[in-house]
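The values are calculated or read from the model by the stated rules, or taken from the named source; none is laboratory data. Because the structure is predicted, anything quoted here is derived from the model rather than measured. Cβ: placed from backbone, ideal geometry, glycine included. Neighbour counts: every protein chain shown.
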Amino acid sequence: MISDIDTRPVGRQARANSAPVPYFKRDVADRVLDFDEAVLGYDAETAMAEAARCVQCPEPQCCVLNCPANNNIPEAVWLISQGKFIEAAQVFAATNPLSEICGRVCPNLCQQGCVLSQRYGAAAIGKLEWFVADVARQAGALKIEVPAVKSGKKAAVVGSGPAGITVAEDLIKLGHTVDVYEAWPEAGGVLIYGIPGFKLEKHVVRNKIRDLEAAGVTFITDTRIGSEIAVDDLVREYDAVFLGTGAGVEATMDIPGNDLQGIYTATDFLVRANVPLEMLPPEKQMRPVVGKRVAIIGGGDTAVDCARTAIRLDAEEVTIVYRRTEAEMPGNPVERKIALEEWVNIEYLQAPVEFIGDEQGHLKEMKVVKMTLGEPDRSGRRRPVPMEGSEFIMEVDTAVMAVGYWPDPFLGEKTPDLKTHKWGLLLADETIGATSREGVFAAGDNVHGPDLVITAVATAHKAAQSMHAYLSGALIAWPSPN
């Protein structure tokens, strides 16, 4: 219900000096008991009040410039302030097919440019997008409109994560026939299998998949392209192929004892913990077993997800061990704060150098070295340097390795003339998505490395535009990828 009393600030100066409107979260003691969404966002009244804080900056607006998908944020936020929620959702959806999802999981690059951050805090654009998308969903206003006459062209999309979903929607709207291939048993890719339910409940992704199916997209699951079906087979069967396979190969630490029982990779841990068992391959249909003391190695959002997951699996003490300081941490600081609320500990400037097991071969201790920061590395962050003689023993019985991801080099190895670089990244022109194989396009994490959902959406839009040009005969000369 919207309040009868309009307490929204009037005038740009008043809006600029108004404090952020708090959003709703579940009580910590309740939310750590399950995998349901921990953050609830806004209701109608609080969404209008928060949207009314926007000062409607003159162009070019920093929020739009900071959004990889170029969402028309000022217009959408203005509509929200007026209570026009469905209209606002449609503005977001015009450039972002994953509004319901990005609003929940994106670190909101748009907010980093908001001028209100210089005073009391940026407008909560992400949670406003989330709220109106849910309202539009409940009203049945997110139907994908497709032309009555088909183009007669067929496209194959490999991967049903953010990039694959974006390309599938763009192409089906343009009248092409689209088949999406997914290696996991259920469509949704990383959105289903990589992001825990306490951040993104499965039904949100399933709703989007159902929209695409209703629009005519066919999903073919349990099919890994490159093994059962080769890319060359797709090239022969379809008029264009898109590769959106993401970055799912985990980096490892080559230290003694990393093969002990009780040590998990992040993906294996997250998938087995938060996905219904019937949605998993047979070899993964078993929940991970955690002990009393759990160490998460890494500092990104995946490490935080693993830590919050371990809390929900009844671990008594969960510690993120990170080799730099908080200033260099790559993850979302808001998610980190939520993890701290849920009793996760973070130890900075530390790194494991050895895992130590008991007589049964199960992890019991971790030898850790303290770090100091040296000169910046290629990423611009100061390089961690071990401190001589600083080693100590940390008692742990479970460890989860969340130290980064790379694309699977499998496709490049199995596909003639599909060029890769940098440990498996597909070589593609990021302005149009063209790979080294004519008719084969790529975008997302398998091209530029692990990144945000909205970044995958933005680059996939470009690839879809180029695929449409190719399918329509407008892209005649095949460009060489950079």
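The table that follows gives values for the structure above.
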| read-out | value |
| --- | --- |
| ARG378 over 30 Å from GLU228 (Cα atoms), of a type outside the set (Phe, Trp, Tyr) and part of a loop (DSSP other than H, G, I, E, B) | yes |
| Helices (runs of 4 or more DSSP H) contained entirely in the range 73-157, each with at least 1 residues that are of a type outside the set (Ser, Thr, Tyr) and over 25 Å from the mean Cα position of the chain (by Cα) | 73-81, 85-95 |
| Residue under evaluation GLY257, criteria (1) buried (at least 22 other Cβ atoms within 10 Å of the Cβ); (2) closer than 25 Å to GLU347 by Cβ, criterion not met | (1) |
| Only one of ARG15, ARG31 that is over 30 Å from GLU145 (Cα atoms) and surrounded by fewer than 22 Cβ atoms within 10 Å (Cβ to Cβ) | ARG15 |
| Inter-residue pairs, beta-carbon under 6 Å, first at pLDDT 95 or above and in the range 121-140, second assigned to a loop (DSSP other than H, G, I, E, B) and surrounded by fewer than 22 Cβ atoms within 10 Å (Cβ to Cβ), 6+ apart | LYS127/TYR23; ALA136/LEU142 |
| Listing of helices (runs of 4 or more DSSP H) fully contained in the range 218-331 that carry 3 or more residues being modelled with pLDDT of 95 or more and more than 30 Å from VAL167 (Cβ to Cβ) | 301-312 |
| Candidate set: the range 250-305, residues that are of a type in the set (Lys, Arg) and touching a residue at least 60 places away in the same chain (Cβ under 8 Å); chosen: the one nearest to GLY424 (Cα to Cα) | ARG293 |
| Residue identified as at pLDDT below 95 and surrounded by 18 or more Cβ atoms within 10 Å (Cβ to Cβ) among GLY374, GLY380, GLY412 | GLY412 |
| Odd one out for GLU37, checked against (1) in a loop (DSSP other than H, G, I, E, B); (2) touching a helix residue (DSSP H, G or I) at 6+ places or on another chain (Cβ under 7 Å); (3) not aliphatic (A, V, I, L, M) | (2) |
| Only one of GLU213, GLU169 that is outside any loop (DSSP other than H, G, I, E, B), crowded, with 23+ Cβ neighbours inside 10 Å and acidic (Asp, Glu) | GLU169 |
| Matching entry among GLU335, GLU359, GLU354 (being surrounded by 15 or more Cβ atoms within 10 Å (Cβ to Cβ) and either farther than 29 Å from ASP451 by Cβ or of a type in the set (Gly, Ala, Ser) (or both)) | GLU354 |
